Structures are given as structure tokens and as C-alpha cells.
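Everything on this sheet refers to the single structure shown next.
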Amino acid sequence: MKSPRAPYKGNFDMAIQQITIPDIGDFDAVEIIEVLVSVGDTVAVDDSLLTLESDKATMEIPSPFAGTITKIGVEVGGSVSEGDYVLDIEVSGDSAADAPKEEKKAQPAAEAPKAAPAAAPAPQASVETSPIVAAAANKPVNAQEMGAKSHASPSVRAFARKLGVDLDTVSGSGPKGRVQQTDVEAAIKAVMSGQTSAPGATGGMGIPPIPEVDFSKFGETTTEELGRIKKISGKFLHASWLNVPHVTQFDESDITEMDQFRKDQKAAAEKQGVKLTPLVFVMKAVVKALQDFPSFNASLSSDGQSIIKKGYYNIGIAVDTPNGLMVPVVKDVDKKGIYELSRDLMEISAKARDGKLGPADMAGGTFTISSLGGIGGTQFTPIVNAPEVAIMGLSKAKMQPVWNGSEFIPRLIMPFSVSYDHRAIDGAEGVRFTTTVGNYLTDLRQLIL
């Protein structure tokens, strides 16, 4: 590795010194992510002038002279290589004459990491990748009028990137607004404690927003406003996805006998004015499993330190409507028979499609079922309907050959999944729950035991 403090090009007989990019190792066309000075600023020797970032390392370019910035020839977003012009510094004659001596004194690059051991470059690179990294990380630098949005050393940038924090949202407490590691830590603590949300972020923990794109430059576009239901549910689903540590367990169940029983009861059900669907049998199997595993029929306390187990069983049913997804709730599923549940399902589905559901129709759920079996698909990962802790996703059942020990026989197999909040439910309990539901659906007689 070449020395990071190779002599800068410049005419030492003049008061104006032209600063160029020094030896930066084997890097070429490195992007400028910060210009740390502006015209008129006064800098000392080793004050940072630029911050560069390659795919392997972040490095700061220090000033070899003390003086005043008179001209800047680079900008944020540009690329530079060794020898490229950066800016002009007006220095005194003595400073210019002494500069080569100072360069010699600063030659041992091995001391630089000791001065700023925390100044690690980006992932997959060590400090040795570029000896210039953090040469002046702890020195005062100037406010960024030249387009740099945040002001921090490479080590702090790496720390913020690792934790997903947008430095533009963090206030710096260091000299002249420089962001320090303690500032990043304080910002994270504030978000986690609910004291503030990260400005300009789409969610918590300083998650940066998706950049805005002008799609019309690629071709013809049309813009349609989302419906009211999608706007409401979208915000809710986004909050649930960000706040709930999701785990999804996939499973399948042999529902051959269950479906045959449903068909056998079809005529009797029609006399009762109802239509039997597989969903009502799933609801009864789920409630029986919820009684076996109370942690699934629960909610976490607001501080996340307690689990509130519920003694009632209200099942939310995700309904696809012209206006978007809605989740009406069927109350007291454990106390109702198959015909009564079928009647309830018919009523709430009709109200949902007609847009006549009231707040009471969608309140009080303890567990949710989202069924896409009537449409298709094999598996999907439903989002937990917080403050519930679990949700089931049903996919389309199909005939499959199953080995019974002596031959393959056709069986109707229904794939399903259960997403759950990992804070309330661990993986072993999750798979026990799905296995239990599958067993109940395979043999409905177990529901009366």
C-alpha cells in the first residue's frame, strides 16, 4: 500500500496552493459523498476537506496546509482519482515553505489508526484498505454549505449504516454540528422509546424512505388514488409489519374426509338456508387448537412485558371486497354449530361487499383467517392482524397422490400457513399449533373429544 501522505502538487512559491487528490491506494474514480468546506472557510493542517466513498472503504482527505479556501472545483456526487484537482487554499509564504517539512513529519501512516481506532471503513474492508481513513476524524470541521447533508466521520457513518440510521435525521453535538456516535445512539433510543419518529423515514428505527422516481420518463403512466379502505388498511398493515417480529410456519392437511362430510351435508344445509363451505370447519378446528394453545388466542400488553390470554373466541375473516380487504369478526365461534357459523359468514360477507360493515362488526377479534383457496395459489405469508398475535392463511386444496404404505392413493390436500408474533410464541409452539390444526381437519371426530 502506498503512503497516504504523498506530496501534494502545488507551487510553493505562491500564496495560492492548488490541492489535488493524494495517493489513495488502488482506488480509481471514487465518489465524493461530502464536501466539508466552502469558499471563505479557514482550515488548519489535517482538517478534513472531502469525504470519499468507494465500494470498499470510506476515507477523508485532509488539508496539507493551514489557510483560507478560495476556490472549490468539486461537488458532492462527483468522482475523483489520484492527482485530480480539488480546491485552492490561500496560505502565507512561511506556511507554504514549511509544508514539505510537515509532510515528512506526517509520513508514518501506521500512527493514523492509533489516533482514530474506531474509524473503520465500510463492510468488507479493514482500516488498512485505505490508510487515509479518519486521518482527521476528531478534528473540528466546517459546516456543510456545499451540499453535504450530514457531517460525520467514516466510523460514525459505518456505525449508522449498520443500524439503518439516516444521518440526515440526526442532530450533531460535535464541533460545528459534527455527528458523533453518541448522537446516533441517542437518536435510536429516542425512536425506540417512542419519544420521536425518524423524520423523512417510512417507519421506525430511522428506515430511509424509498426514493421518488419519475416513471413517466420511461413511458406512459396513469395515476389513481387508493381507495379509502386501502389507505386505512395499508397504514395498519405497515405498522404491524414494522412492529411485530413475524415468523410464518407452513403446513398442509389431508381434508379428504372433511370435504366428503361437507358434501354429504349439502342437502341438509340447503334446507336450513345455508351453504356449507370448508371455512366453517376450519374455524371450528382453529378454535379447538386455540383452546389447546392459549398463547395464540392472546395479545401482548402495551409495554410488551405481559401476555393477555383471552377466554373468548372471536375469529376475524379477511374478506375481499371491491373496495379492498376488510376483516369482519364472527363472535363466539366456540359456542356455535356449523349451520349457525355458516349463516354468520353469509351475513358478514354480504355486509362487507355492500360496504355496510360497522365498527362493531370488525372489533373484538382474537385470531384471523385469510382464505385465498377460492382463488388459487399454493402458500403465502399473511401479516399478523395486531394486536392479535397470530393469523392463518388458507390456500387452494388439490388432489395429490399419497403413499399409504402399500400404494399411492388420491387425497385432497390443503396447504395453509400461520404467521405469529415471535415475542409471544416460539417456533416449537408454532409448529405444534399448525400440526394440531392439521390433525383436527383430517379427522373432525377429534373436535368432540
Q. What number comes out for the charge environment of VAL437, summing +1 per Lys or Arg and -1 per Asp or Glu over other residues with Cβ under 9 Å away?
A. 0
Q | Efficiency of FRET between ASP259 and ILE232 - r from beta-carbon atoms, R0 35 angstrom, step 0.05 | A | 0.45
Q: Scan the range 387-449 for chymotrypsin sites (Phe, Trp or Tyr not before Pro) in coil per DSSP, keeping those whose Cβ has at most 11 other Cβ atoms within 10 Å, and list them by number.
A: none
(Q) Give the residue list of GluC sites (Glu not before Pro) in the range 209-280 that are DSSP loop and have at most 15 other beta-carbon atoms within 10 angstrom. (A) GLU212, GLU220, GLU224, GLU225
Q. Can you give the net charge of the other residues whose Cβ lies under 14 Å from the Cβ of SER370, counting K and R as +1 and D and E as -1?
A. -1
Q: Please sort by residue number the chymotrypsin sites (Phe, Trp or Tyr not before Pro) in the range 258-322 whose DSSP state is loop and whose Cβ has at most 12 other Cβ atoms within 10 Å.
A: TYR312
Q. How do the peptides 37-45, 340-348 rank, highest first, by the average count of neighbouring beta carbon atoms within 10 Å per residue?
A. 340-348, 37-45
Q: Add +1 for every Lys or Arg and -1 for every Asp or Glu among the other residues with Cβ under 15 Å from the Cβ of THR321, and state the total.
A: +2
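Rule-based calculations on the coordinates, nothing more; no lab input. The structure presented is a predicted model; accordingly, all values stated were derived computationally and were not measured. No Cβ is skipped: glycine too gets one built from the backbone with ideal geometry, and neighbour counts run over all protein chains shown.
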